[in-house]
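Trainee: First, the structure itself, so that you have it in front of you.
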Amino acid sequence: MRSKSSSFSGEVSSSGAGGDVRKLVFIGDAGVGKTSLLSSYRKGEFHDNEKEPTPVLEGFTKSVSVQEKDHVCLLWDTIGSTDFERLRPLSYPKTDCFVICFAINDRTSFDNLKTIWIPEIGLHSPDVPYIFVATKTDIKKSMEPLSSKPCTKSEDLTTTPPSTILNIEEIMAYITSTDGLDYVECSSHDLVSVENILKSAVKAILTHEEKLKAIEEANNSKSFCVIC
Ligand SMILES: Nc1nc2c(ncn2[C@@H]2O[C@H](COP(=O)(O)OP(=O)(O)O)[C@@H](O)[C@H]2O)c(=O)[nH]1
Ligand SMILES: [Mg+2]
């Protein structure tokens, strides 16, 4: 990993997280791996994070290079459980991009994109771009060789049966039906895949800003024509 990291908490300024800092808020069901991927990325290595609590209302910054420019990202974790559905939106103001996570081996977390997460950001932050992230893809990879060769009895004893891994066609069918700007797969064990989330989020923000600029220019030229 290339960048310096620092803690950040409290108020954010009026333009996104402040100046050129891009605030990325990670949401998704409890247990999909949000805290693990953020804390692995921050520390530079994966720690089994089962007992580590999710930081609330506190983020940290990392910089990432996109289109030959360094962009500082403020990474903001949230708690996915329904008990926190009233507290969680306190993290949403000034968000530049939501990173909506589901686990590749957890169908409920995927179904909840539609029933919980898209409605939640639609309610609190309707004009903010978002991307989707499938987590724990190491589980999928560790199972791939098994499907291409006959299983022995011991190989059958995997904790995640192949049938519970979501397939890419189904994922893409849903994602292309939304306004999500990208889909990224990651594993907390593979920090390059985590950095790709940041790059994808920054690209989504830049795309969204270009779109807003084009709309504004079109509106300006329309008013100019009316005056003529
Ligand atoms: N195999 C695998 N397990 C993971 C990964 N990321 C997180 N986990 C495990 O998933 C569980 C829940 O992770 P956590 O980060 O607390 O989820 P959160 O509730 O979304 O923050 C923990 O036991 C983690 O060790 C991953 O990339 N691969
Ligand atoms: Mg957590």
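The values are calculated or read from the model by the stated rules, or taken from the named source; none is laboratory data. On a predicted model such as this, the values are computed, not experimentally measured, just so you know. All Cβ positions, glycine included, derive from the backbone under ideal geometry; neighbour counts span all protein chains shown.
Trainee: Please verify whether T108 is polar (S, T, N, Q), modelled with pLDDT under 95 and either surrounded by fewer than 16 Cβ atoms within 10 Å (Cβ to Cβ) or within 30 Å of K43 (Cα to Cα) (or both), treating the condition exactly as stated.
Mentor: For T108, the condition - polar (S, T, N, Q), modelled with pLDDT under 95 and either surrounded by fewer than 16 Cβ atoms within 10 Å (Cβ to Cβ) or within 30 Å of K43 (Cα to Cα) (or both) - is not met.
Trainee: Would it be correct to say that G10 is farther than 28 Å from I116 by Cα and at pLDDT below 95?
Mentor: So G10 fails the test.
Trainee: When the stretch 16-39 is examined, which residues are found to be at pLDDT 95 or above and of a type in the set (D, E)?
Mentor: D29, the sole residue that qualifies.
Trainee: If a residue must be near ligand 1 (Cβ under 9 Å from one of its atoms), loosely packed, with under 11 Cβ neighbours inside 10 Å and modelled with pLDDT of 70 or more, how many such residues does the stretch 40-52 contain?
Mentor: So the answer is 1.
Trainee: Residues of the stretch 36-95 being within 13 Å of ligand 2 (Cβ to nearest atom) and in contact with a Gly (Cβ under 6 Å, 6 or more places away or on another chain), which ones?
Mentor: Listed by number, the residues that qualify are L75, W76, G80.
Trainee: A follow-up question, please. Would you check which residues across the stretch 61-88 are among the aliphatic types (A, V, I, L, M) and outside any strand (DSSP E or B) and list them?
Mentor: I79, L87 - these are the residues of the stretch 61-88 that are among the aliphatic types (A, V, I, L, M) and outside any strand (DSSP E or B).
Trainee: Any chance you could count how many residues in the stretch 53-98 are out of contact with any Leu (no Cβ under 8 Å at 6 or more places or on another chain), within 13 Å of ligand 1 (Cβ to nearest atom) and without any contact (Cβ under 8 Å) to a residue 60 or more places away in the chain?
Mentor: 9
Trainee: Just checking, does the stretch 123-138 include any residue being part of a helix (DSSP H, G or I), under 24 Å from A204 (Cβ atoms) and within 16 Å of ligand 2 (Cβ to nearest atom)?
Mentor: The answer is no, given that none of the residues of the stretch 123-138 is part of a helix (DSSP H, G or I), under 24 Å from A204 (Cβ atoms) and within 16 Å of ligand 2 (Cβ to nearest atom).
Trainee: Could you list, in sequence order, the residues of the stretch 171-184 that are under 17 Å from C101 (Cβ atoms) and part of a helix (DSSP H, G or I)?
Mentor: I171, M172, Y174, I175
Trainee: Quick check, is K141 out of contact with any Asp or Glu (no Cβ under 6 Å at 6 or more places or on another chain), modelled with pLDDT under 95 and not in a strand (DSSP E or B)?
Mentor: Answer is yes for this residue.
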